[in-house]
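Okay, so here's the structure we're looking at.
Readers should treat all values here as calculations from the given coordinates under stated rules, not as data from a laboratory. Since we're looking at a predicted model, the values are computed, not measured. With ideal geometry, Cβ positions are generated from the backbone for all residues, glycine too; neighbour counts draw on all protein chains shown.
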Amino acid sequence: MKKVDIVVPCYNESEVIDMFYRECKKVTDTIRGYDIHYLFIDDGSADDTLEKLKAICENPDADYVSFSRNFGKESAMYSGLKNSTGDMVVLMDSDLQHPPALLPQMIEGIEEGYDCTATYRATRDGDPVLRTVFTNRFYKLVNKISDVNMPNGAGDFRMMNRKMVNAVLAMSEVQRFSKGIFSWVGFKTKWIAFEDVERAAGQTKWSFWKLFIYAIDGITAFSTAPLRIASVVGSFISLSAFVYLIYVVLKTLICGKDFPGFASVVTLILFIGGVIILSCGILGEYVAKIYMEVKNRPIYLIGETSLENSKEDYESK
Ligand code: UDP
Ligand code: MG
C-alpha cells in the first residue's frame, strides 16, 4: 500500500489544531487503498500547541516533530519533507485554509503520472485589499526579473511524489523560498484551483512588514537583476557626468570662469550619493545572503519528537 504523508507546520495554533485534525480526518478516512499519515511540525509554539499535538499523536496515524524554538514556516516545511517517508507528501496549513476536500483529487493527479499536484487560489477574498495589491505587484516583478516562474496565488499547498521531494531536499540552502524552489526544480505539475477561505480560528502570523521582507528575500534568492540594475544606473550616471564634464571644460575655455551653479552642484552630489548608497544596499543584501549561507547553520533543530528515527538537518551536512 502506498503511503501518503500529510506535513502540517504549526505555530501557535492551539485554537485550531484539534479542529484541523478532526476535519482533515473526515476526508482522509474516506480515502481507501492508501496508508495516510500525519506529521505535525511544531515550530516552537509559545502556547499549548505542543500539548495538543501530543494528545493527537496518541493516534497511530499521527506523529510530531517539535523544534527547539521558532524557526519559521520555511524551516518547518523543510523538516517535514526531510522526516517524511511516504511515496507522496502533501504540505498543508493548519488553519484549514487549505481545503482537505482536495486531497483525493491531488492523489489522483500523482497516480495519473504527474510528479506534483499543486493548488492555487482562484480568488483572494480572504486577504486585505492592500496586501492583494502588493502581492500582485510582487508576482509581476519577480516573474519578470527572475529565472523561475512563480504563479500568482500558488501557495505551499501541494502534493509531491518521492522524486520531487528528494529534489526539493537537495536544495539545502539555509534561506529558503519554497515558492521559487518548487518552480526551480521543475517536474510535471498538475494545477488545481480552489476558492479562498478564511482562517478557521486563530490569527495569521504574517504582518505586512514580514511579508515585505519575505518578498525581498524571494527576489534576491532567485534573481541577480537588482545588481545588474545598479550597474546600469551607475554606468548611465558616469557617462552623463563625463559628457557634462566636457561641456563645463569647453564652456570655461570659451566663455571664461563663472561662479553660479551652486544649486545644480548640490543636487548632483545628493543624487549621485543616493545612487551610491542604494547600490551599496543592494550589494549588501546579496553579501548578507552569502554570509548566512557560508555559515551553513542547520535549518532547524528538533527539541522533541514522537518519531523513532527522526532526522536532524545537520546529520547529512
Ligand atoms: N507557521 C509556522 N511558523 C511560523 C509562522 C507560521 O509554522 O513562524 C505556520 C502556521 O501555523 C500555519 C501556516 O504556517 O499552519 C500558515 O501561516 P498563516 O496562516 O499565519 O499564514 P497565512 O495563511 O496568513 O499566509
Ligand atoms: Mg493561514
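Quick one: if you stick a label point 7 Å off each Cα along the C-beta vector at THR85 and THR135, how many nm between them?
So the label points at THR85 and THR135 sit 3.7 nm apart.
Based on the Cα coordinates of region 1-119, what is the per residue volume of their convex hull in Å³?
Here the figure is 98 Å³ per residue.
Could you work out the equivalent-ellipsoid semi-axes for region 180-317, taking the square root of 5 times each eigenvalue of the Cα gyration tensor, largest first, in whole Å? Don't skip to the end; give the middle numbers.
Numbers: eigenvalues 541, 77, 54 Å².
Here the semi-axes work out to 52, 20, 16 Å.
Can you give me the orientation-averaged projected area of the convex hull built on the Cα atoms of the chain, in nm²?
20.3
Calculate, axis by axis, the spread of Cα positions in region 146-248 along the three principal axes, and write the results as whole Å, longest axis first.
Answer, in whole Å and largest first: 67, 34, 27 Å.
Among the listed pairs LYS73/LYS311; LYS25/LYS179; LYS188/LYS289; LYS140/LYS179; LYS25/LYS73, give every one whose C-alpha distance is greater than 20 Å.
With Cα atoms farther than 20 Å apart: LYS25/LYS179; LYS188/LYS289; LYS25/LYS73.
Could you size up the charge dipole of region 99-199 around its Cα centre, putting +1 on the beta carbon of Lys and Arg and -1 on that of Asp and Glu, and report it in debye to the nearest 20?
360
Which of the three applies to region 40-83, rounded, prolate or oblate, going by the alpha-carbon gyration tensor with a ≥ b ≥ c and a/c under 1.5 meaning rounded?
Oblate shape, in that a/c is at least 1.5 and b/c is the bigger or equal ratio.
At a Förster distance of 22 Å, what's the computed FRET efficiency of ARG297 paired with ILE216, Cβ-Cβ distance as r, to 0.05? Don't jump to the answer; show the numbers that get you there.
On the way: r = 20 Å, r/R0 = 0.93.
About 0.60, to the nearest 0.05.
Given a Förster distance of 25 Å, report the FRET efficiency between LYS188 and ASP127 from their Cβ-Cβ distance, rounded to the nearest 0.05.
Efficiency, from the Cβ-Cβ distance: 0.25.
Along the charge dipole of region 10-138, which of PRO100, ASN136, GLY113 sits closest to the positive end, that is, farthest toward it, with unit charges on the beta carbon of Lys, Arg, Asp and Glu (+1, +1, -1, -1)?
ASN136
Show me the helices of the chain, taken as full DSSP H stretches, that run 18 Å or more along their long axis by Cα and average 1.0 or above in Kyte-Doolittle hydropathy.
208-222, 225-255, 262-295
Nearest 500 deg cm²/dmol is fine: what mean residue ellipticity at 222 nm does the chain get from its DSSP H runs of n ≥ 4 alone, each adding -39,500 (n - 2.57), divided by its residue count? Could you put the intermediate results ahead of the total?
On the way: 10 runs with 153 residues, N = 317.
After summing the helix terms and dividing by the residues of the chain, the value is -16000 deg cm²/dmol.
Given Cα pairs under 8 Å that are at least 6 residues apart, what percent is the relative contact order of the chain?
After rounding, I find 22 percent.
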